[in-house]
Amino acid sequence: MTACLFCSIAAGEVSASFVHQDELVIAFRDINPQAPTHILVVPREHIVSAAELSAVQDPVWARLLHVSQQLAAAEGIVESGYRIVTNVGRDAGQSVSHLHLHLLGGRAMSWPPG
Ligand code: AMP
């Protein structure tokens, strides 16, 4: 078992409600959903946060966004709108130190975020 929760999910050591898996990226439903659609889109590679990305990981970042776009379409939230969020560090409230995009939709959201 790896020490990182999302690495463990990617390795199949911890179960999750998967909605997508490919060679670079996995996506699964958030265990504590904050909207009718709340999916986490996660690179298989252990990258701590968006602050740790380097140019060699551009394909990973692009895939994260493309998969998020495809999942939004599959969830039927393109017309109503959705939000893609990635928290970086303490002040943003990042609780899992493995890069992930939150795909949120299915309800109206306020701005600015809390
Ligand atoms: P963040 O706070 O931005 O790091 O987001 C971490 C997210 O991971 C939170 O929304 C949690 O609800 C979610 N989470 C934690 N453990 C699990 C799990 N085992 N399966 C699915 N989502 C999880």
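Just so it is clear, none of the values below were taken in a lab; they were calculated from the coordinates. The structure presented is a predicted model; accordingly, all values stated were derived computationally and were not measured. Neighbour counts run over all protein chains shown; Cβ positions are idealised from the backbone, glycine included.
Classify the chain as rounded, prolate or oblate, taking a ≥ b ≥ c as the square roots of the eigenvalues of its Cα gyration tensor: rounded when a/c is under 1.5, otherwise prolate if a/b is larger than b/c and oblate if not.
On the way: a/c = 1.44, a/b = 1.31, b/c = 1.10.
Rounded, because the longest to shortest axis ratio a/c is under 1.5.
Nearest 10 degrees is fine. How inclined is helix 58-75 to the longest principal axis of the chain, computing both from alpha carbons?
Roughly 40 degrees, rounded to the nearest 10.
DSSP loop (so not H, G, I, E, B), at most 15 other Cβ within 10 Å: list which GluC sites (Glu not before Pro) in region 26-114 pass both filters.
Numbers: sites: GLU45, GLU52, GLU75, GLU79; in loops: GLU45, GLU79.
For GluC sites (Glu not before Pro) across region 26-114 that sit outside H, G, I, E and B with at most 15 neighbouring Cβ atoms in 10 Å, the list reads GLU45, GLU79.
Per the helix-only calculation at 222 nm, which mean residue ellipticity applies to the chain, given -39500 (n - 2.57) for every DSSP H run of n ≥ 4 and division by its residues, nearest 500 deg cm²/dmol? Write down the numbers at each step before the final one.
Numbers: 3 runs with 28 residues, N = 114.
For the chain, the value works out to -7000 deg cm²/dmol.
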